[in-house]
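The values are calculated or read from the model by the stated rules, or taken from the named source; none is laboratory data. Just so it is clear, the structure is predicted and the values come from calculations on it, not from any experiment. Every residue, glycine as well, gets a Cβ built from its backbone with ideal geometry; the counts of neighbours run over all protein chains shown.
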Amino acid sequence: MALLQVDSAAHAAEITRFDKFVVRGPGAGACWIWCGALADDGYGRFWLNRNGVHRVVRPNRYALALAQHLTLGDGDVAMHDVCDLPLCVRAEAIGGHIVLGTQSDNLTRMGRTGRGGDAGTRGIGTGPTAPHAPPAPEHCVTPSATAGTTKRCEKR
Ligand SMILES: [Zn+2]
């Protein structure tokens with residue numbers, strides 16, 4: 001893949017187009033959410049046409065190259081460092097949510113946050129390894145603190 005570079009003068013029209021897809025959340029530290037095209041990997045897609053050559057990039061990479069005047073190569077990864085939100089494109093050098101890392105940085109980070117690869121282990125388990133919830137009691141009710149009674153169990 002070619003290097004990704006965004007020049008504020010040469011690519012002004014492209015940057016304007018990119019900007020239209022970005023919603024900047026309220027508040028100083030809020031995420032900036034990509035509202036353009038999405039792909040099934042959870043990341044956005046932004047199409048470029050540079051001198052007649054079409055290519056597609058992830059918006060978070062584009063945002064990083066733009067905001068920090070970086071040239072991103074294949075080994076460079078735009079990592080979410082603050083919010084872990086794939087659609088966040090906030091990449092300013094100060095206060096941004098995206099940092100430049102390498103592929104191995106990213107894998108280390110994904111391992112730490114439990115992201116990537118083994119999606120079945122995240123969140124509330126619904127897979128075959130999810131622990132079964134204890135069966136709900138069929139006829140017992142929780143003793144009421146206000147009832148003033150010692151009765152703990154009653155038929156309904
Ligand atoms: Zn964010």
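Condition check ((1) closer than 22 Å to residue 79 by Cβ; (2) surrounded by 11 or more Cβ atoms within 10 Å (Cβ to Cβ); (3) in contact with a Lys or Arg (Cβ under 7 Å, 6 or more places away or on another chain); (4) not aliphatic (A, V, I, L, M)) across all residues:
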site	(1), (2), (3), (4)
10	no, yes, no, no
18	yes, yes, no, yes
37	yes, yes, yes, no
50	no, yes, no, yes
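For residues in the range 96-115 being within 11 Å of the chain's Cα centre (by Cα) and part of a loop (DSSP other than H, G, I, E, B), which is surrounded by the fewest Cβ atoms within 10 Å (Cβ to Cβ)? Top of the filtered list is 115.
Can you give me the number of residues within the range 14-28 that are within 18 Å of the chain's Cα centre (by Cα) and modelled with pLDDT under 95? It would help to see each step written out before you state the result.
Quick first cut of the range 14-28, residues within 18 Å of the chain's Cα centre (by Cα) only: 21-26.
From what's left, modelled with pLDDT under 95: 25-26.
Here the count works out to 2.
Taking the conditions (1) touching a strand residue (DSSP E or B) at 6+ places or on another chain (Cβ under 9 Å); (2) more than 25 Å from residue 108 (Cβ to Cβ); (3) surrounded by fewer than 11 Cβ atoms within 10 Å (Cβ to Cβ); (4) not charged (D, E, K, R) in turn, residue 22 satisfies each one other than (3).
Can you name every residue in the range 39-62 that is within 16 Å of the ligand (Cβ to nearest atom) and within 14 Å of the chain's Cα centre (by Cα)? If the condition is that a residue be within 16 Å of the ligand (Cβ to nearest atom) and within 14 Å of the chain's Cα centre (by Cα), then 42, 43, 44, 58, 59, 60, 61 are the ones that fit.
For the range 83-105, give me each residue that is within 16 Å of the ligand (Cβ to nearest atom) and free of Cβ contacts under 8 Å to residues at least 40 places away in the same chain. Let's see the steps before the verdict.
At the first step, the residues of the range 83-105 found to be within 16 Å of the ligand (Cβ to nearest atom) are 83-101.
The answer is 84, 91, 92, 93, 94, 96, 98, 99, 100, 101.
With respect to (1) loosely packed, with under 11 Cβ neighbours inside 10 Å; (2) closer than 21 Å to residue 8 by Cβ, the lone exception for residue 93 is condition (1).
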